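The values are calculated or read from the model by the stated rules, or taken from the named source; none is laboratory data. Computed from a predicted model, the values in this text were never measured in an experiment. Cβ: placed from backbone, ideal geometry, glycine included. Neighbour counts: every protein chain shown.
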Amino acid sequence: MLRVVTANLNGIRSASVKGFLPWLNGQDADIVCVQELKAQVPDLAPEMSSPGIFTGYFHCAEKKGYSGVGIYTRKSPDRIVEGIGDAEFDAEGRYLQADFGSLSVVSLYLPSGSSSDERQAAKFRFMELFLPRMAALRESGRDVIVCGDWNIAHQAIDLKNWRSNQKNSGFLPEERAWLSRLFDEQGWVDAYRRLHPEATDACYTWWSNRGQAWAKNVGWRLDYQIATPALGARALRTAVYKDQRFSDHAPLIVDYDHPF
């Protein structure tokens, strides 16, 4: 069995103070993808770089305290790929790929467009660049899982207040249609939705810090594990972990029938 966890940490140092690393070592996970490190490698204490049984690999943003992705793994990868080959977004630390035999696992932090029109435009630029990358991964013949914070809720059942958010970043028609292209045209499998096709409140992985969003479970499903078809069909179990809060996101755990 292969257990993969993905978690947006909203700052690895903050999440560590809140108990993320001890929790991580108790999950019997094989691979853990993390996003929004908000740190450079020199900022990472030894227990953050290599927590317990895991070794960490990181693609940090050049800007301090911003973005950045990582992969923790029990097994040494055959290859690590940093970035998508685009200077603008590779400077932001948004893509890290680890290859293990015929398996590739990606930690992805797709840009958010909620802060300004300029960032929404950047989000659309990234999506345009990333679509052919996803197609190439899909056609590679490898088993691939792309984990991370996609910053898009795909369907109305993926967020609480969908009616009032139809013109807001994260639930724009163009964003949702882009995700649909990954699933319907390229054939990628949304592991959570395959196992829980009608889940609503239980599916959320992000809650605004404003108001009482967490207390009232006014959430969004922004974190996904998207797999190539054969591997996606072997997803056995999935869960959103909410018993402890490490950030404004919750970890998403998926078990696959795959040797590792």
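Among the residues of region 236-255 satisfying the criterion of being in contact with a Leu (Cβ under 6 Å, 6 or more places away or on another chain) and not polar (S, T, N, Q), which is farthest from ALA199 (Cα to Cα)?
The extreme case among them is ASP255.
Is it the case, given these coordinates, that ALA213 is buried (at least 16 other Cβ atoms within 10 Å of the Cβ) and free of Cβ contacts under 8 Å to residues at least 12 places away in the same chain?
Criteria met by ALA213.
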Residues of region 79-106 being among the charged types (D, E, K, R) and farther than 16 Å from PRO259 by Cα, in sequence order, are ARG79, GLU82, ASP86, GLU88, ASP90, GLU92, ARG94
Going through region 97-122 in order, the residues found to be in a helix (DSSP H, G or I) and either modelled with pLDDT under 95 or of a type outside the set (A, V, I, L, M, F, W, C) (or both) are ASP117, GLU118, ARG119, GLN120
The lone condition LEU103 fails out of (1) farther than 26 Å from GLY170 by Cα; (2) free of Cβ contacts under 8 Å to residues at least 40 places away in the same chain; (3) in contact with an Asp or Glu (Cβ under 8 Å, 6 or more places away or on another chain) is (2)
Flagged pairs (Cβ under 6 angstrom, 6 or more apart or on separate chains; first in region 162-183, surrounded by 14 or more Cβ atoms within 10 Å (Cβ to Cβ); second among the charged types (D, E, K, R) and in a helix (DSSP H, G or I)) are none
Just one listed residue, out of ALA153, ALA213, is farther than 26 Å from LEU96 by Cβ and not polar (S, T, N, Q), and it is ALA213
Exactly one of GLN186, GLN225, GLN244, GLN212 is within 18 Å of the chain's Cα centre (by Cα) and not aromatic (Phe, Trp, Tyr), and that residue is GLN225
Considering region 137-154, residues that are more than 22 Å from GLY93 (Cβ to Cβ) and either modelled with pLDDT under 95 or in contact with a Leu (Cβ under 9 Å, 6 or more places away or on another chain) (or both), and then whichever is surrounded by the most Cβ atoms within 10 Å (Cβ to Cβ), we arrive at ALA153
Quick check, is TYR66 of a type in the set (Phe, Trp, Tyr), free of Cβ contacts under 8 Å to residues at least 60 places away in the same chain and farther than 22 Å from ILE226 by Cα? yes
- Query: Within region 195-204, is even one residue under 15 Å from the mean Cα position of the chain (by Cα), touching a residue at least 60 places away in the same chain (Cβ under 8 Å) and not in a strand (DSSP E or B)?
  - Reply: no
